[in-house]
Amino acid sequence: MEDITIRDIVEAVNGTLLCGDENTVVTDVCIDSNEIKAGDLFVPIIGERVDAHRFIESVLETGAATLTSEHDSVCGEKPYIRVQDTVQALQDIGTYVRKRLTLPIVAVTGSVGKTTTRHMITTALRSRKRVFETQKNYNSQIGVPIMLARISRDDEMAVLECGMSEVGQITTLSNMVRPRYAVVSRIGVAHIETMKTQENIRREKLSIISAMDPDGTLFLNGDDVMLAGLQDSFSCKVCYYGTQEWCDYRAEDIQYDKGRSYFTCVHEDERVPVELSVLGEHNVLNCVAAIAVSHICGIPMDVAAAEFSHFHGMRQNIIQLENRFTIIDDTYNASPDSVRASLDVLCHMETGGRRIAVLGDMFDLGENSRQYHHEVGAFLSNLPVDELVVVGERAKEIVQAVKERTSGVKTYEFSENEEAVMYLLATLMPGDVVLVKGSNGMHMNEIVRLLQE
C-alpha cells in the first residue's frame with residue numbers, strides 16, 4: 001500500500017479509531033503474526049481453532065496498527081481500529097485500494113490449472129510490462145485483498161488468481177478486483193460436494209465477470225465442453241483458446257521431446273512456433289491462454305512465445321535423483337482433472353525404466369466420489385503406465401477400474417504412506433519415473449520426502 005494512513009483505513013472499513021494517531025502511515029496488510037513487519041496493519045482473523053486477536057499485543061511491538069472486533073475501548077500509542085467483522089473489513093480495504101489503482105487486472109479462475117495459468121500469463125506479460133502477480137496461494141476472500149494492497153504504483157498490470165469453495169465467493173472477489181480481463185481455465189468437479197453440480201460450479205466461476213470492465217475480454221477454454229459454445233451468453237467480448245479449429249487462439253502440431261512441448265500457436269493468419277519447457281497438453285493450453293491474453297494487451301505473439309522456452313512451473317516439480325529415479329512431485333491437492341493432467345505428463349516423460357503412478361484419495365467429491373475415482377482408473381488403464389500404487393480407501397476404486405479392463409498395469413494397494421514408501425524403495429530402479437499425487441489431506445508430500453531421503 002502506498003500513501004495510505006490510518007484515517008484512510010478507518011474510512012474504508014467504516015470503523016472507529018479507539019486510540020493512536022490517525023496520520024500513521026500503513027505500508028502493508030498482514031494476517032500472520034509470525035510475519036509481521038514494521039508498517040503493517042494487522043488483521044486478526046477468527047479461525048476455527050485460533051482467534052488471532054490473542055496475538056495483537058505482541059504483534060504491535062513491531063507492526064504499525066491493528067484492526068479489532070473484540071475491543072470496545074483501549075489505550076495505547078499504536079492505532080486500534082474497531083470493526084464489526086475483521087474479514088469483511090479486510091475486503092473493504094481491498095475494495096478501497098482497488099479504487100485508487102488505475103492499472104488493468106487479469107483475474108484467473110477455474111477448477112484446475114489456475115496457478116499455472118496465472119503464472120504463464122504473468123510470464124508472457126512480463127516480456128514487455130511490469131507485472132504484479134498473486135503470491136503464495138493468496139487467492140481467497142482473505143488472500144485477494146492482501147494482494148490488492150501489495151500492488152505498487154510502478155506496476156503496469158496485475159494478474160490475480162481467484163479461488164472459491166462456496167457460492168457467491170467469486171462475485172465477492174470480482175467486486176473487489178474489478179478485472180479488465182478474466183480467464184476461466186476449466187470447469188471440473190473440485191468442490192462439487194459443496195456446489196452439488198458442475199453447472200453450479202460453472203455458474204460460480206463465470207461470475208468472475210460480474211464486475212468486469214464492460215470493455216474487457218473473457219477468455220474461455222474451448223477444449224472444455226462445459227465452456228465451449230457460450231460466446232453468445234455474455235455481453236462482454238469472449239475469446240476462446242484451445243486446440244479446436246474454431247478457437248480464436250489455438251495450438252496445432254503438438255509434439256513432445258526430451259521433456260519439452262512444441263506446438264504452433266495460431267491466431268487468424270499468424271502462426272508462431274512455441275517451445276515450452278514443461279510437458280502436458282494442459283500446459284500447452286495454459287500457454288495458449290497466456291499468449292492470447294498478452295496479445296490482446298498489445299504484445300506480439302512471437303515476443304510472448306519466446307518467454308516459454310525457459311518457463312519454470314509452480315506445480316509438478318520434477319526431481320531427478322542422480323543414478324536413481326525421477327520423481328514428479330505433484331502433491332499439491334488433487335481432483336479428477338488434475339490427476340489426468342499429471343498422468344499425461346508422466347506418460348510423456350522419457351524414461352529408460354518404468355512409469356509408476358502413486359495416487360492417493362481425492363477429497364470433496366461428494367456422493368459421486370466413487371464414480372470419479374473409477375473414471376480416473378478407466379482413464380489410466382489406457383495409458384502406458386507400468387505400475388499403479390494407491391494409498392487410501394477411496395483410491396482403491398482406481399485400482400478396481402484398472403482391473404476391470406484387464407490392462408497390463410500392475411496394481412498395489414496400501415493404507416498408509418509409509419507402507420507405499422517401503423514398497424517403492426524396495427522395487428524402484430534407475431531410470432524409473434514416479435508420479436506422486438493426492439489430495440492435501442493425504443499428506444503425500446511425505447512420500448516424496450521419504451523417497452528423496
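The values are calculated or read from the model by the stated rules, or taken from the named source; none is laboratory data. Worth saying up front: this structure is predicted, and the values here are computed from it rather than measured. So basically every Cβ, Gly included, is an ideal-geometry build from the backbone, and we count neighbours across all protein chains shown. Surface areas here come from the heavy atoms of the whole protein model, side chains and all, with no ligands, DNA or RNA. Shrake-Rupley method; radii C 1.70, N 1.55, O 1.52, S 1.80 Å.
State whether the residues of segment 162-181 include one that is open to solvent by 10 Å² or more (accessible area, probe 1.4 Å), among the polar types (S, T, N, Q) and modelled with pLDDT under 95.
Looking through segment 162-181, at least one residue is open to solvent by 10 Å² or more (accessible area, probe 1.4 Å), among the polar types (S, T, N, Q) and modelled with pLDDT under 95.
Residues are listed down the side, and each one gets a yes or a no for (1) over 13 Å from residue 117 (Cα atoms); (2) free of Cβ contacts under 8 Å to residues at least 24 places away in the same chain; (3) of a type outside the set (D, E, K, R):
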{"position": "258", "(1), (2), (3)": "yes, no, no"}
{"position": "262", "(1), (2), (3)": "yes, yes, yes"}
{"position": "266", "(1), (2), (3)": "yes, yes, yes"}
{"position": "271", "(1), (2), (3)": "yes, yes, no"}
{"position": "276", "(1), (2), (3)": "yes, no, yes"}
{"position": "284", "(1), (2), (3)": "no, no, yes"}
{"position": "287", "(1), (2), (3)": "no, no, yes"}
{"position": "291", "(1), (2), (3)": "no, no, yes"}
{"position": "294", "(1), (2), (3)": "no, no, yes"}
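Could you grab me the full set of residues in segment 80-114 that are aliphatic (A, V, I, L, M), closer than 14 Å to residue 6 by Cα and not in a loop (DSSP other than H, G, I, E, B)? Walk me through it before giving the result.
Going residue by residue through segment 80-114, those that are aliphatic (A, V, I, L, M) are 81, 83, 87, 89-90, 93, 97, 101, 103, 105-108, 112.
Checking the rest, the ones that are also closer than 14 Å to residue 6 by Cα come to 81, 83, 89-90, 93, 97.
Passing the criteria: 81, 89, 90, 93, 97.
Looking at segment 48-74 only, could you name the residues that are out of contact with any Ser or Thr (no Cβ under 8 Å at 6 or more places or on another chain), more than 19 Å from residue 92 (Cα to Cα) and not β-branched (Val, Ile, Thr)?
Those that are out of contact with any Ser or Thr (no Cβ under 8 Å at 6 or more places or on another chain), more than 19 Å from residue 92 (Cα to Cα) and not β-branched (Val, Ile, Thr): 48, 49, 51, 54, 57, 61, 63, 71, 72, 73.
Report the residue count in segment 217-241 for those that are surrounded by 14 or more Cβ atoms within 10 Å (Cβ to Cβ), free of Cβ contacts under 8 Å to residues at least 40 places away in the same chain and not hydrophobic (A, V, I, L, M, F, W, C).
Summing the residues that are surrounded by 14 or more Cβ atoms within 10 Å (Cβ to Cβ), free of Cβ contacts under 8 Å to residues at least 40 places away in the same chain and not hydrophobic (A, V, I, L, M, F, W, C) in segment 217-241 gives 5.
Among 2, 70, which is the only one that is within 24 Å of residue 135 (Cα to Cα), of a type in the set (Asp, Glu) and part of a loop (DSSP other than H, G, I, E, B)? Even if it seems obvious, please write down each step before you answer.
Numbers: 70 fails: within 24 Å of residue 135 (Cα to Cα).
Result: 2 is the single residue among 2, 70 that is within 24 Å of residue 135 (Cα to Cα), of a type in the set (Asp, Glu) and part of a loop (DSSP other than H, G, I, E, B).
Just name the residue that is nearest to the chain's Cα centre (by Cα) out of those in segment 68-123 that are of a type in the set (Lys, Arg) and crowded, with 17+ Cβ neighbours inside 10 Å. So that I can check it myself, show each step before the final result.
Within segment 68-123, the first condition is being of a type in the set (Lys, Arg), and the residues that meet it are 78, 82, 98-100, 114, 118.
Among the residues that remain, those that are also crowded, with 17+ Cβ neighbours inside 10 Å are: 78, 82, 98, 114, 118.
On the way: 78: 36, 82: 33, 98: 21, 114: 4, 118: 7 Å.
Filtering first and then ranking leaves 114.
Consider only pairs whose beta carbons are under 8 Å apart and that are at least six residues apart or on different chains; among these, list those whose first residue lies in segment 440-452 and is open to solvent by less than 40 Å² (accessible area, probe 1.4 Å) and whose second residue is of a type outside the set (A, V, I, L, M) and assigned to a helix (DSSP H, G or I).
442/417; 444/417; 447/417
Given the conditions (1) at pLDDT below 95; (2) open to solvent by 20 Å² or more (accessible area, probe 1.4 Å), report the number of the one that residue 330 does not fulfil.
Against the list (1) at pLDDT below 95; (2) open to solvent by 20 Å² or more (accessible area, probe 1.4 Å), residue 330 comes up short only on (2).
Is it the case that segment 247-254 has a residue that's among the acidic types (Asp, Glu), in contact (Cβ under 8 Å) with a residue 24 or more places away in the chain, within 20 Å of residue 112 (Cα to Cα) and surrounded by 15 or more Cβ atoms within 10 Å (Cβ to Cβ)? Write out each step before concluding.
As a first pass, look at segment 247-254 and keep what is among the acidic types (Asp, Glu): 248, 252-253.
Okay, now just the ones that are also in contact (Cβ under 8 Å) with a residue 24 or more places away in the chain, so 248.
Within this subset, residues satisfying the condition of being within 20 Å of residue 112 (Cα to Cα) are none.
Scanning segment 247-254, I find no residue that is among the acidic types (Asp, Glu), in contact (Cβ under 8 Å) with a residue 24 or more places away in the chain, within 20 Å of residue 112 (Cα to Cα) and surrounded by 15 or more Cβ atoms within 10 Å (Cβ to Cβ), so the answer is no.
Within the bounds of segment 10-23, is there any residue that is of a type in the set (Val, Ile, Thr), modelled with pLDDT of 95 or more and either under 26 Å from the mean Cα position of the chain (by Cα) or surrounded by fewer than 20 Cβ atoms within 10 Å (Cβ to Cβ) (or both)?
To start, the set of residues in segment 10-23 that are of a type in the set (Val, Ile, Thr) comprises 10, 13, 16.
Then drop every residue that is not modelled with pLDDT of 95 or more, which leaves 10, 13, 16.
From the residues that got through so far, the ones that are either under 26 Å from the mean Cα position of the chain (by Cα) or surrounded by fewer than 20 Cβ atoms within 10 Å (Cβ to Cβ) (or both) too are 10, 16.
Checked against the condition, which is being of a type in the set (Val, Ile, Thr), modelled with pLDDT of 95 or more and either under 26 Å from the mean Cα position of the chain (by Cα) or surrounded by fewer than 20 Cβ atoms within 10 Å (Cβ to Cβ) (or both), segment 10-23 yields at least one hit.
So, in segment 309-324, of the ones that are surrounded by fewer than 22 Cβ atoms within 10 Å (Cβ to Cβ) and in contact with a strand residue (DSSP E or B) (Cβ under 8 Å, 6 or more places away or on another chain), which residue ends up farthest from residue 111 (Cα to Cα)? Can you show your working first?
We begin by selecting, within segment 309-324, every residue surrounded by fewer than 22 Cβ atoms within 10 Å (Cβ to Cβ); these are 309-315, 317-324.
Subsequent filtering for residues that are in contact with a strand residue (DSSP E or B) (Cβ under 8 Å, 6 or more places away or on another chain) retains 309, 311, 317-321.
Values: 309: 26, 311: 23, 317: 20, 318: 23, 319: 26, 320: 29, 321: 32 Å.
Step by step, filter segment 309-324, then rank; the result is 321.
For segment 416-424, does any single residue satisfy the condition of being among the small types (Gly, Ala, Ser), under 24 Å from the mean Cα position of the chain (by Cα), modelled with pLDDT of 95 or more and closer than 19 Å to residue 332 by Cβ? Please lay out each step first, then the result.
The initial filter retains those residues of segment 416-424 that are among the small types (Gly, Ala, Ser), namely 420.
Retained after the next criterion (residues that are under 24 Å from the mean Cα position of the chain (by Cα)): none.
No, every residue in segment 416-424 fails to be among the small types (Gly, Ala, Ser), under 24 Å from the mean Cα position of the chain (by Cα), modelled with pLDDT of 95 or more and closer than 19 Å to residue 332 by Cβ.
Here is a list: 86, 16, 95. Which entry is under 26 Å from residue 174 (Cα atoms), hydroxyl-bearing (Ser, Thr, Tyr) and touching a strand residue (DSSP E or B) at 6+ places or on another chain (Cβ under 7 Å)? If you could, list the steps in order and put the result at the bottom.
On the way: 16 fails: under 26 Å from residue 174 (Cα atoms); 95 fails: touching a strand residue (DSSP E or B) at 6+ places or on another chain (Cβ under 7 Å).
Only one candidate passes the filter, namely 86.
Taking into account only those residues within segment 333-370 that are among the aliphatic types (A, V, I, L, M), open to solvent by less than 10 Å² (accessible area, probe 1.4 Å) and more than 19 Å from the chain's Cα centre (by Cα), which is nearest to residue 313 (Cα to Cα)?
346
Here is a list of conditions, (1) touching a residue at least 60 places away in the same chain (Cβ under 8 Å); (2) under 22 Å from the mean Cα position of the chain (by Cα); (3) at positive phi, and residue 316 meets all of them except one; can you say which number that is?
(1)
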